[in-house]
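**Q** The structure's right below; bear with me while I get my questions together.
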Ligand code: DHB
Ligand code: MG
């Protein structure tokens, strides 16, 4: 069926373009062994995040929602040698695993896992000495997306790229009867972007290993 085709095509490009590698594969394995839910971005999409961050020339990256550090490492690879990254994680267990994975990937000097609810960490980033971020990836609890966007914009500047995962949810984003709890929050997030003249946005729908979903892409004017 179509879903099998999506997986097979994802695997074809992953293999053919040598997208995943020992380091990223070992993170997936570690996360699975630790019992984390297998909700990491696909390798092909991790590589996309890397490319977007690199194409934008980002020297500072913020991630909201670390999970086990998989997308974190993809993004950290895009940083220049003097670049830095902060990634926000509410679960201590996830943060412990992520720190291990970040260290094993060699990014412990550039990437800081900031523990606690993102809504508590976000307003303190600038006073902690972080610069306004060049690239922000939102991939945390979906009911927090509207507030994460507001806080993300507070630490953005002209040219900041904002990417958010999971804005399509198998197409349920346009189905008022889906019962999917995240949808009203995702739709509020989209409404806020729609009403904001200071950011240019689009969505790219995705299929693959994780089924049908999509990324919001934006750039602050
Ligand atoms: C879920 C969260 C994610 O970030 C994702 O990519 C897929 C699923 C979830 O919480 O169900
Ligand atoms: Mg996600």
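Each value in this text was obtained by applying a stated rule to the coordinates, not by laboratory testing. Quantities reported herein were computed from a predicted structural model and do not represent experimental measurements. All Cβ positions, even for glycine, are placed from backbone atoms using ideal geometry, and neighbour counts span all protein chains on display.
**Q** Report, as a whole number in µm² per second, the diffusion coefficient that Stokes-Einstein gives for region 106-218 at 10 °C and 1.306 mPa s using the Kirkwood radius over alpha carbon pairs. Intermediate values should be presented prior to the final figure.
**A** Numbers: Rh = 15.2 Å.
For these conditions, the coefficient is 105 µm²/s.
**Q** Under a 10 Å cutoff between Cα atoms, tell me which one of 65, 129, 211 has the largest fluctuation in the Gaussian network model of the chain.
**A** 129
**Q** Would you mind estimating how fast region 1-89 diffuses translationally, via Stokes-Einstein at 4 °C and 1.567 mPa s with the Kirkwood radius over Cα pairs, in µm²/s? Working shown, then result.
**A** Working: Rh = 13.9 Å.
Rounded, D is 93 µm²/s.
**Q** Can you give the helix-only mean residue ellipticity at 222 nm for the chain, where every DSSP H stretch with n ≥ 4 adds -39500 (n - 2.57) and the sum goes over all residues, rounded to the nearest 500 deg cm²/dmol?
**A** Numbers: 8 runs with 87 residues, N = 221.
Result for the chain: -12000 deg cm²/dmol, rounded to the nearest 500.
**Q** Taking neighbour Cβ counts within 10 Å as the exposure measure, how do 215, 137 sort from fewest upward? Walk me through the numbers on the way to the answer.
**A** Details: 215 23, 137 28.
If I rank by nearby Cβ atoms, fewest first, I get 215, 137.
**Q** What residue among 96, 175, 109 has the largest mean-square fluctuation in a Gaussian network model of the chain, using Cα springs under 10 Å?
**A** Of 96, 175, 109, the Gaussian network model singles out 175 as fluctuating most.
**Q** Taking the chain as a Gaussian network, where each spring joins two C-alpha atoms under 10 Å apart, which residue of 11, 98, 76 fluctuates the most?
**A** Among 11, 98, 76, the largest mean-square fluctuation in the Gaussian network model of the chain belongs to 11.
**Q** Distance from the Cα centre of region 38-69 to that of region 157-221, in angstrom?
**A** Taking the Cα centre of region 157-221 as reference, the centre of region 38-69 is 16 Å away.
**Q** Shifting gears a bit: Listing 197, 92, 139 from the residue with the fewest other Cβ atoms within 10 Å to the one with the most, what is the order? Walk me through the numbers before you get to the answer.
**A** Values: 197 7, 92 10, 139 24.
So the residues, fewest neighbours to most, are 197, 92, 139.
**Q** Rg(Cα) of region 165-216 divided by 2.2 N^0.38 Å? Intermediate results must be reported in sequence, preceding the final value.
**A** Numbers: Rg = 11.4 Å, N = 52, 2.2 N^0.38 = 9.9 Å.
My calculation over the Cα atoms of region 165-216 gives 1.16.
**Q** While we're here: Express the C-alpha Rg of the chain as a ratio against the empirical globular expectation 2.2 N^0.38 Å, rounded to two decimals. Walk me through the numbers before you get to the answer.
**A** Values: Rg = 16.6 Å, N = 221, 2.2 N^0.38 = 17.1 Å.
Relative to the 2.2 N^0.38 Å estimate, the chain comes out at 0.97.
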